[in-house]
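Contents: one structure, followed by commentary.
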Amino acid sequence: MLDLTKLRSVHIPIPQPGKPFPGFHPFFVALVHKKYPQPVSSTTTPRGDPENVCDYEKIQMGLASGVYRAWTGQRGQIGSKSFVVKFSAARSDSSHKALEREAKVYNEQLQPLQGKDVPIFFGYFEGEFREESDGRPFRVSCIFLEDCGDAVEYNFIDLPLADRAELLKKIGRIHLCGVSLNDFHERNVVVKDGSYRFIDFQDVDLEHDCFWEGDRVYEGEVVPKYDEMGCPEMIELGFELDLWKSPLAAGRCVEILGKTRPKTEFPPQEAIDVLCKGVRSYHSDSEKRFHNWIKKYKDYQQRMSPEEYMKRYPMPDISLTRKQLGKDFEK
């Protein structure tokens with residue numbers, strides 16, 4: 001049975017691209033050796049006989065790369081544990097370099113989060129296999145990771161609020177390691193027994209400065225300010241996760257034709273709805289005049305209804321442009 005923490009050389013299956021021809025096995029076998037991080041005794045201890053991955057299943061496959069689940073022994077065997085192999089068999093160096101770069105992100109910057117927010121990383125391996133038809137060698141690179149389940153099946157916003165908040169907290173902890181995600185998507189989050197892990201760190205920014213403090217993300221509250229979160233990117237992702245109430249829903253704002261404004265500056269929403277009745281739009285240059293006219297009703301709301309106010313102080317022409325308003329533009 002494989003010991004992933006001590007593995008040095010191993011035969012791994014590499015799926016054939018597309019549909020295999022009749023009579024050909026759907027997988028090639030590649031011999032790979034651990035390249036990173038280098039075993040402490042690698043210069044003095046021989047590799048020994050290679051181990052074998054003997055049980056596996058596809059998760060996601062491309063033309064020359066993919067991900068599959070493997071087992072340290074036979075599936076179902078007592079003590080046999082599943083793990084994940086992410087591999088590349090591409091001819092271009094860029095694919096292998098991207099995988100090696102991802103391995104270093106796991107092992108160096110995200111090492112404190114392994115087993116909690118990201119999978120445990122067991123190593124980066126390289127080797128080759130030869131195609132049966134012409135014997136040409138193909139370079140293979142792969143990383144071995146803890147099996148943390150399958151990709152999230154639902155849209156993030158369909159998850160419970162507590163789960164969405166936990167995802168943003170995990171992002172915050174990843175940020176504090178200097179890593180910013182450029183590909184925030186359901187396919188890059190896996191879940192097992194209700195526990196989430198972020199995966200796929202090839203498309204990331206490794207020089208992120210984040211000033212988020214602690215575990216608070218204000219879920220279910222009003223949208224936090226920058227100085228409360230300490231990271232504009234986390235606020236943006238919080239919106240994607242639908243974590244917060246709008247200021248309007250929280251009772252801190254009023255709405256004027258689809259735009260929210262501070263509640264303290266305007267009359268009650270019921271009065272605004274009457275004053276705006278029949279108005280479908282206005283020119284942006286006239287917005288200030290329109291809003292000031294609505295604000296002015298606060299001075300009269302104790303003495304007259306909105307209808308009476310509209311008769312005595314008719315709504316200004318809100319279709320005028322800045323040029324047409326002239327000196328009245330600032331009023």
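Within the range 237-254, the set of residues being surrounded by 17 or more Cβ atoms within 10 Å (Cβ to Cβ) and modelled with pLDDT under 90 comprises P247, C253, V254.
Would you confirm whether any residue within the range 134-144 is of a type in the set (A, V, I, L, M) and surrounded by fewer than 16 Cβ atoms within 10 Å (Cβ to Cβ)?
Start the filter on the range 134-144 by keeping residues that are of a type in the set (A, V, I, L, M), which leaves 140, 143.
This time we only want the ones that are surrounded by fewer than 16 Cβ atoms within 10 Å (Cβ to Cβ), so: none.
No, because not a single residue in the range 134-144 is of a type in the set (A, V, I, L, M) and surrounded by fewer than 16 Cβ atoms within 10 Å (Cβ to Cβ).
Can you work out which of the residues in the range 276-289 that are farther than 17 Å from C253 by Cα and over 40 Å from the mean Cα position of the chain (by Cα) is modelled with the lowest pLDDT? Among residues in the range 276-289 that are farther than 17 Å from C253 by Cα and over 40 Å from the mean Cα position of the chain (by Cα), the one modelled with the lowest pLDDT is S286.
Identify, from the list G278, G214, the residue that is assigned by TED's automatic domain parsing to the domain that holds H175 and either among the small types (G, A, S) or part of a strand (DSSP E or B) (or both). Going through G278, G214 in turn, the sole match is G214.
If the condition is being under 12 Å from the mean Cα position of the chain (by Cα) and assigned to a strand (DSSP E or B), then the range 169-195 contributes S180, L181, V189, V190. Of all the numbered requirements in (1) over 30 Å from S9 (Cβ atoms); (2) without any contact (Cβ under 8 Å) to a residue 24 or more places away in the chain, A165 misses one, and that requirement is (2).
In the set (1) free of Cβ contacts under 8 Å to residues at least 60 places away in the same chain; (2) part of a helix (DSSP H, G or I); (3) among the aliphatic types (A, V, I, L, M), M234 fails one condition alone, (1). Filtering the range 207-250 to residues that are under 10 Å from L168 (Cβ atoms) and touching an Asp or Glu at 6+ places or on another chain (Cβ under 6 Å) leaves only L243. Summed over the range 81-114, the residues that are part of a loop (DSSP other than H, G, I, E, B) and either assigned by TED's automatic domain parsing to the domain that holds A165 or touching a Lys or Arg at 6+ places or on another chain (Cβ under 9 Å) (or both) give a count of 3.
The values are calculated or read from the model by the stated rules, or taken from the named source; none is laboratory data. What you are looking at is a predicted structure, and each value in this text was computed from that prediction instead of being measured. No Cβ is skipped: glycine too gets one built from the backbone with ideal geometry, and neighbour counts run over all protein chains shown.
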